[in-house]
1. Over region 36-128, what portion of Cα pair distances is larger than 15 Å, expressed as a whole percent?
2. Give me the number: length gained by fully extending residue 113 to residue 131, i.e. 0.36 nm times residue separation minus the C-alpha to C-alpha distance, one decimal in nm.
3. How large is the helix-only mean residue ellipticity at 222 nm for the chain, computed as the sum of -39500 (n - 2.57) over DSSP H runs with n ≥ 4, divided by its residue count, in deg cm²/dmol to the nearest 500?
4. Mind listing the phi-derived Karplus ³J(HN,Hα) values for region 67-82, rounded to whole Hz, using 6.51, -1.76 and 1.60 with θ = phi - 60°, and x for any glycine or proline?
5. Tell me, what is the FRET efficiency for residue 177 and residue 52 to the nearest 0.05, using R0 = 41 angstrom and their Cβ-Cβ distance as r?
6. What spacing in nm lies between the two simple spin-label points modelled at residue 149 and residue 96, each 7 Å away from Cα in the Cβ direction?
7. Longest segment of the chain with no trypsin sites (Lys or Arg not before Pro) in a DSSP loop having at most 10 other Cβ atoms within 10 Å?
8. So, taking all protein chains as they sit and a 1.4 Å probe, how much accessible area belongs to residue 100, in Å² rounded to tens?
Amino acid sequence: MSEGRFGAMTVDAFLDGMGSRDPTPGGGAAAAAAGAIGAALISMVGRLTQGRRGFEDLEERTGAMVQRADEARAEFLALGDRDAEAFEAVMTAFRLPKETDVERSERAAAIQRGLEGAAAVPLEIARRAVDLMELAEDATAMGNPNAASDGMTAAGMLFASVLGAKANVEINATSLEDEARRRALLDEVAGIRSRAGLLLEQCREAFGLRLTG
């Protein structure tokens, strides 16, 4: 997947590529796509709240919500491109020559650099997704009540983004020889997963209140 291609692909093309034998787009791109969908849904809730009678006091807040979510959507798409690039760097490292001791050493070092980069991108996806889950809760709790289900769906998509990103961090970080770096990556993504679970439950509670309110 070439640079900038992810965000320009049609849904059909993206899914065809994901369902093919090509390694990209793969799980990391799926996590980025889920994050972008979650962000777009938050934007929609915000826009459906803006200008609505009875919500005039939320105009500034919903404006900030829409701006942040729109920016996040673009960031997720860019991270989808970066994920493909990181994977290609790993594959390039594995294709390096290994005939001599020097070549083997250089190849091993390149593989380790590639794996760390391939773990860093989905970690960033997870960070951004969990941060945006707080905004999804706000959208669900205070936005247009007719769009509360869209806020809840946004939280679910962002949670899926965290789960997918976490798996991609783990599969790359586990092969790192630097134990301290490996542990730091795994610990951080585990913490993100825990936080995401709490935020999802909070969003469910907010959604429940909108249903009964």
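1. 68
2. 3.8 nm
3. Estimated from H runs of four or more residues: -28500 deg cm²/dmol.
4. 4, 5, 5, 4, 5, 5, 4, 5, 5, 4, 5, 5, 5, x, 5, 5
5. The value I calculate is 0.15.
6. In this crude spin-label approximation the distance works out to 5.3 nm.
7. The segment 96-213 is the longest one with no such site.
8. Counting only protein heavy atoms, residue 100 exposes about 70 Å² to solvent.
The values are calculated or read from the model by the stated rules, or taken from the named source; none is laboratory data. This structure is a prediction, so every number in the text was calculated from the model and none was measured. Glycine also receives a Cβ, built like all others from the backbone with ideal geometry; neighbour counts cover every protein chain displayed. Quick note on the areas: whole protein, heavy atoms, side chains included, nothing else; ligands and nucleic acids left out. Shrake-Rupley method; radii C 1.70, N 1.55, O 1.52, S 1.80 Å.
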